[in-house]
1. Whole number please: convex hull volume per residue, Cα atoms of the range 103-150, in Å³.
2. Straight-line reach only, C-alpha to C-alpha below 15 angstrom: list the aspartates and glutamates that residue 282 could link to, leaving out same-chain residues fewer than 8 apart.
3. Based on the alpha-carbon set only, what is the convex hull volume of the range 54-165 divided per residue, in Å³?
4. Which of 297, 276, 347 sits farthest toward the positive end of the charge dipole of the range 237-356, with +1 on the Cβ of Lys and Arg and -1 on the Cβ of Asp and Glu?
5. So what is the relative contact order for the chain, in percent, with contacts set as C-alpha pairs under 8 Å and at least six apart?
6. Kindly rank 29-38, 57-66, 266-275 from highest to lowest mean number of other beta carbons found within 10 Å of each residue.
7. Quick one: putting +1 on the C-beta of Lys and Arg, -1 on the C-beta of Asp and Glu, what dipole do you get for the chain around its Cα centre, in Debye to the nearest 20?
8. Quick one: accessible area per residue over the chain, 1.4 Å probe, rounded to a whole number of Å²?
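The values are calculated or read from the model by the stated rules, or taken from the named source; none is laboratory data. Just so it is clear, the model here is predicted, and its values are computed rather than measured. Cβ sites come from the backbone with ideal geometry, for glycine too, and all protein chains shown count toward neighbours. In case anyone asks, the SASA skips ligands and DNA or RNA and just uses the protein heavy atoms, side chains included. Shrake-Rupley method; radii C 1.70, N 1.55, O 1.52, S 1.80 Å.
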Amino acid sequence: MNFPNSTLPVTPTLRMHSNSELVGLRNLGNTAWMNTGLQCVRAIHELSSYFLDGRWKSDLNPDNVLGYGGEVAEAYSDLLTKISATTGPVFAPREFRAMIGKVSTAFQPGIAPADAQEFIGFLLDALGQDVNLVKKRPYVEDPEISDNKINDASAIQKLAQEFAEKHKARDNSIITGLCEGLIKDTIKCPTCTKVCINFNNYIFLGIECPVENTWRLDPNLEAQVRDEEPTTLQGCFLETYNKEKLLLEHDAWHCPRCDRHQRALITQELWTTPRILLFHLKKFDKSHGGLVNLHVTYPVEALDISDWVVSKNFNSKLLYDLFAVVNFLPGEGKVGHYLAFTKNRGNRKWYKYNDARVTECRVSEVVTAGAYVLFYRRRDDVNLD
């Protein structure tokens, strides 16, 4: 159950040359977060092609109240075009930086360095809104399922389809077609046992990492030290999804039967996955005030998530290959530095992007304790029902 889009070809004609992929981005003053995010988003070749060959122009929706008057889409297309045309090894994205600071207060110059994952989320959402094919959003009620159908697989399948259709009626762009999947939420009231099922769209799969378990007291040093024993992406996923959890007090759910807020039990399950699958490894350590290194191992090739997806709306394995990584190197306090790793489309080699500096790297260097956002692409031989 995908979100098909007329602007999304099955086999896109790519105009972005592999040489332009090796162009570094000049740091304009605490802009490693932006440069890193841009290098990874540029590696989504389906999206880059769309903006380089001009298809975005016919989809432009400057009147969308949730968009930016087409300004983000225009600036991003201009950025890709200039990078593609540059003859040097480095490009300074000054105009794009100025535009981002103008349209979003979170990314204004002069404030503390921004978060790369938040920037990527903003950029993908803004691009999607600026080229949203829906010119007038209809008001659509959330579909519901009756109490006697909550264990009926076919009824739940129908409910998911209705949620998907509702979403597409309001948001339909290359971003929804490429990068959005569906999460199933099952919420149960602990008092009256009322069960509600709904579905939500996602671009990032937020993965809870066991940050609190990475510090221990070393009696020899009389100080806290970090354990470096790695955990796995699959292990973190299974601790985040497909299991029942108790909602926190500030996330209390309003039970329609009890007519009061309850700390309900919730199970979030992966229902569908997009062609471009993004994992956000949540490594914020509240006790130490910032992102921390935590070694989460993840496959570079053939990530098999078939067992993670509960809908089973596919008839072959769901295999994904890594093609980009946002890497964060913690510094003192909340200060740190971002790097990007991307796989070159032309020569299939991996490269590290440290702002203006671009260097070839080994595959083994791509899996690091600093990994923060993972970009995976689904293999094309998967058939979805």
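1. Roughly 165 Å³ of hull volume per residue.
2. 115, 118, 208, 212, 239
3. Roughly 180 Å³ of hull volume per residue.
4. The Cα lying farthest towards the positive end belongs to 347.
5. 19 percent.
6. Highest to lowest by the protection proxy: 29-38, 266-275, 57-66.
7. Working: 44 positive and 48 negative charges, 148 e Å.
Approximately 700 debye in magnitude.
8. 47
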